[in-house]
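Chemist: Sharing a structure with you now.
Just so it is clear, none of the values below were taken in a lab; they were calculated from the coordinates. Small disclaimer: the values here were computed from a predicted structure and weren't measured.
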Amino acid sequence: MHPLSLRRAALLPTCLFAAFVLLAQTANAAEDLGYGGENDIENPLEGDAAAIEHGKERYGARCGFCHGSRGIGAKGPCLSCNKFKAGGGRNLDIYSVIAAGLTINGRPTQMGGFSRTLSDDDIWSIIAYLRQEYKDRLARGEFEEGYNPVVEEAQR
């Protein structure tokens with residue numbers, strides 16, 4: 001066997017190992033960007049029953065028209081599915097979108113900012129409500145295969 005072929009053969013496992021380590025680090029970094037990770041900020045009102053009730057009321061008054069009752073989606077996307085494609089799912093991301101609005105590729109979307117009409121506590125309360133609504137929906141099995149939210153909503 002040619003000496004250069006031997007070097008290439010020995011280099012292959014090293015390259016594969018390096019690629020594996022790089023992919024593992026990328027996966028860990030992606031997990032850190034998730035809700036509640038080290039790259040997020042804490043919602044000071046999460047888990048507070050009074051704040052969640054206030055968030056439900058404010059959500060109904062300001063968000064429900066576009067995002068549907070209980071945040072299940074309507075003209076705007078679902079907000080109680082724990083999937084935030086455009087703006088990100090961290091507390092910081094959601095707060096920023098509610099306060100300042102959402103732009104994609106530098107262009108504004110239909111999601112305008114509410115920082116002039118909602119206080120910081122209002123925004124945190126809405127986020128706490130959406131997080132709680134997601135947990136409640138998860139507990140009810142709404143995300144399991146075969147679940148039909150239209151049928152479930154009609155039965156309420």
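Chemist: Let me know the shape class of the range 32-95, please: from the alpha-carbon gyration tensor, a ≥ b ≥ c as square roots of the eigenvalues, rounded when a/c is under 1.5, otherwise prolate if a/b is greater than b/c, or oblate.
Modeler: Cα axes put the range 32-95 in the oblate bin.
Chemist: Classify the range 28-143: rounded, prolate or oblate, from the alpha-carbon gyration tensor (a ≥ b ≥ c, eigenvalue square roots; a/c under 1.5 rounded; otherwise prolate if a/b is larger than b/c)? The partial results should precede the final answer.
Modeler: Values: a/c = 1.21, a/b = 1.03, b/c = 1.18.
Since a/c stays below 1.5, the shape of the range 28-143 is classed as rounded.
Chemist: For LYS56, list the lysines whose Cα falls under 21 Å from its own Cα; do not include residues on the same chain fewer than 8 positions away.
Modeler: Correct list for LYS56: LYS75, LYS83, LYS135.
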